[in-house]
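Single-structure report; data block below.
The values are calculated or read from the model by the stated rules, or taken from the named source; none is laboratory data. No experiment lies behind these values; they were computed from the predicted model shown. Here the Cβ positions follow ideal geometry from the backbone for every residue, glycine too, while neighbour counts run over all protein chains shown. Calculation scope for accessible area: heavy atoms of the full protein, side chains included, ligands and nucleic acids excluded. Shrake-Rupley method; radii C 1.70, N 1.55, O 1.52, S 1.80 Å.
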Amino acid sequence: MDAFLASTALVAFAEIGDKTMLLAILLATRFRQPTPIVTGIFAATILNHALAAWAGSAVAGLLDGQAFRIAIGLGFVAMGIWTLIPDKLDDDGAPAAPRYGAFVTTLVAFFLAEMGDKTQVATVALGARYHDVALVAAGTTLGMMIANVPAVFLGDRLTRIVPLNVVRSVAAAIFGALGLATLAQALGWL
């Protein structure tokens, strides 16, 4: 259960202000159809994060050792630092004209936007740490939904209400704490 709860909390905080949250706001503004957008976010995220958690777990199984666990811990610390840097949606990250409808556009745009994103990298690291693909993928997907569903329904009003610097700081602290705990465990301090 630790894998599920840690994955949910980590991604929910890390996602706030992330480019995929900005993409959710953009899609909501463009299509004004929340149900297919939310469904597209869920489908893209569960697929992307299941693959990421599996990759992390598979690599960890092959490279299980103290040096690898130290690298995972340092990776979490680095993601904490990365989280402090605000994201913005680049012009090339914007979805194409709404030719395929809200669901397909959201599915494709979210899946591609998550590639190499900090929440996907975090999912790989969580998969490596916990070796439980199902719980990590379910947790990170829930975290994405917790952050993005309100963005779809509240749109740009959300960005005026939520203090993004505070949320980024909390997410960075969670990443840092998980990284330090992983390092302490790898070094035999816990």
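Numerical summary
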{"item": "Residue match in segment 91-102 (condition: within 20 Å of residue 12 (Cβ to Cβ), open to solvent by less than 70 Å² (accessible area, probe 1.4 Å), modelled with pLDDT of 80 or more and part of a helix (DSSP H, G or I))", "result": "no"}
{"item": "Near pairs, Cβ below 8 angstrom, 6+ apart or cross-chain, from segment 1-19 (under 20 Å from residue 84 (Cβ atoms)) to any residue that is open to solvent by less than 50 Å² (accessible area, probe 1.4 Å) and of a type in the set (Asp, Glu)", "result": "17/87; 18/87; 18/117; 19/87; 19/117"}
{"item": "Condition broken by residue 118, with the remaining ones in (1) at pLDDT 85 or above; (2) among the charged types (D, E, K, R); (3) open to solvent by less than 20 Å² (accessible area, probe 1.4 Å) satisfied", "result": "(1)"}
{"item": "Residue in segment 1-42 that is farthest from residue 109 (Cα to Cα), counting only those that are in contact with a Phe, Trp or Tyr (Cβ under 8 Å, 6 or more places away or on another chain) and of a type in the set (Val, Ile, Thr)", "result": "39"}
{"item": "Index of the failed condition, residue 54 passing every other in (1) modelled with pLDDT of 80 or more; (2) closer than 21 Å to residue 126 by Cα; (3) crowded, with 24+ Cβ neighbours inside 10 Å", "result": "(3)"}
{"item": "Residue match in segment 57-66 (condition: closer than 18 Å to residue 142 by Cβ and either in a helix (DSSP H, G or I) or in contact (Cβ under 8 Å) with a residue 40 or more places away in the chain (or both))", "result": "no"}
{"item": "Given (1) at pLDDT below 95; (2) closer than 27 Å to residue 130 by Cβ; (3) touching a Ser or Thr at 6+ places or on another chain (Cβ under 7 Å), index of the condition residue 27 fails", "result": "(2)"}
{"item": "Selection count, segment 18-48, where residues are open to solvent by 10 Å² or more (accessible area, probe 1.4 Å) and not in a helix (DSSP H, G or I)", "result": "2"}
{"item": "Meets criteria (open to solvent by 60 Å² or more (accessible area, probe 1.4 Å), at pLDDT below 75 and under 21 Å from the mean Cα position of the chain (by Cα)) for residue 64", "result": "no"}
